[in-house]
Structure formats: structure tokens, C-alpha cells
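Readers should treat all values here as calculations from the given coordinates under stated rules, not as data from a laboratory. The model shown is predicted, which means the values in this text are computed figures rather than measured ones. Don't worry about glycine lacking a Cβ; one is built from the backbone with ideal geometry, like all the others, and counts go over all protein chains shown.
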Amino acid sequence: MSSFKSLNKALKTPDLVRTLKLNTKQENLPSELFTLKNLESLYIQSSTLTSIPSQISQLKKLRTLYISSEKLTSLPRELLVIPTLETLSLNACRIRTVDMEIGLSSNLKSLILSHNQLQNLPLNLEHLESLKLLNLNNNELKEFPKQLLNLTSLEKLYLDHNQLQTIPTSWIKKLKRLNIISLDNNQFSLKEKEKIQNELNYCFEEI
């Protein structure tokens, strides 16, 4: 057995643990969690977690990290430089900014930052050369992040429920691998919507 839903049970056979799913009411993650050296996937659901300790960098084999906590507002630099990390989901938190170190996550393929409070993104996000999926739904973005235009591996981009008024359609068309883009429920004018519909062959779903 390599998948666990209890940290106490996982700690009985720490070398066997590959996946851990926690539903915690603690404000901080227990230090014992970071002794699971073979952990590859970590899922944390919480309403009280306020921070992620820097010790998370000790999880050298971590490939997938899902965290949802309405009290989480920031990320440690160490999280963003775990070399094996391929999927990072921080859905339904209260994150306002993303550290510039995100650009060092060279193997990251999926980045999910939906339902946060982001108003902008770091410039070096453009260095995520392996990124295929980016979900920024339900944030507070007012301008299209131009650095996204350099994500040449990007296949899926979600920007629903933001405050965008315009997007650079001519540049977006240069993302040759992009096959899904979602832009519903923004603040586009009718003229801008027509441009998006015509140039990107996009169909708005909102009424």
C-alpha cells in the first residue's frame, strides 16, 4: 500500500508512502510530514492552514502538490524550486502574489491558481518552458499577463471570472500548441468580444 489518508498511519511505514491525502484543521503542517522522503503526491484540504513551512523542500521526490486553504496567503520560496514538481494546485486560497522564484520551476507542467486574489503575475513566469496547463480562473486580473505569450508549450489556458477588458489576440494565435482558452465572465466590451470571437474563433458562454 502506497496511498494514505492518515499521517499517523503513513509514519508507520514511511519509506512506502507515495501518496498522502490530508484533511487537517491545524494552522501548521506537522514536521513529521517532511520525513516522508519517497512522497510523490501530497493533497491537503484545510480551512485553517496559514502557511507552508520551508521544510517542504525536503520532499525531493514530490511531483504533485494540491493545497486548498482559505487562510493561505503566501508561498515559501522553497516550494517553488522543488526540481521534481510537475503539478502545483493552490485552488481556493487567498493568495495575492506569486513569488518571482516560480520561474525556476522548470519541470512544472500544470499550475492551478484559481479562486485566489491575484491581481498580477511575476514577470519570470515566462520561464516555465514545460507548462502545459495554466488555470487562473476567479482572480482579480485586470490586464492580460503578457508573460504568458512566451509559454510556448502551453496547451490549456483558463482566465474565466477575472476583470480583463482586452486581450492580445494576434499574439495569442502565435501560441501554436494552445488548443483550449477560456475567457468567460470578464469585462470585455461588445466590440472586444467580437474581435475575440472573430480572431480566435471563440464562443462566449455567459449570457
Would you compute the Debye intensity of the chain from its alpha-carbon atoms alone, equal scatterers and no solvent, and pass along log10 I(q)/I(0) at q = 0.15, 0.16 Å⁻¹ to two decimals?
-0.93, -1.02
Karplus (6.51, -1.76, 1.60) ³J(HN,Hα), θ = phi - 60°, over the stretch 40-57, in Hz, Gly and Pro reported as x:
10, 9, 10, 10, 10, 10, 7, 10, 10, 4, 9, 7, 10, x, 5, 4, 4, 5
Please sort 121-130, 183-192 by packing, taking for each peptide the average over its residues of neighbouring beta carbons within 10 angstrom, highest first.
121-130, 183-192
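For the chain, with only Lys/Arg (+1) and Asp/Glu (-1) charged at the beta-carbon, what is the dipole magnitude about the Cα centre, in debye rounded to 20?
Values: 26 positive and 21 negative charges, 117 e Å.
Charge dipole, the chain, about its Cα centre: 560 debye, nearest 20.
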With a/c under 1.5 counting as rounded, go ahead and sort the stretch 1-108 into rounded, prolate or oblate using the C-alpha gyration tensor (a ≥ b ≥ c being the square roots of the eigenvalues; past the cut-off, prolate if a/b is larger than b/c, else oblate).
oblate
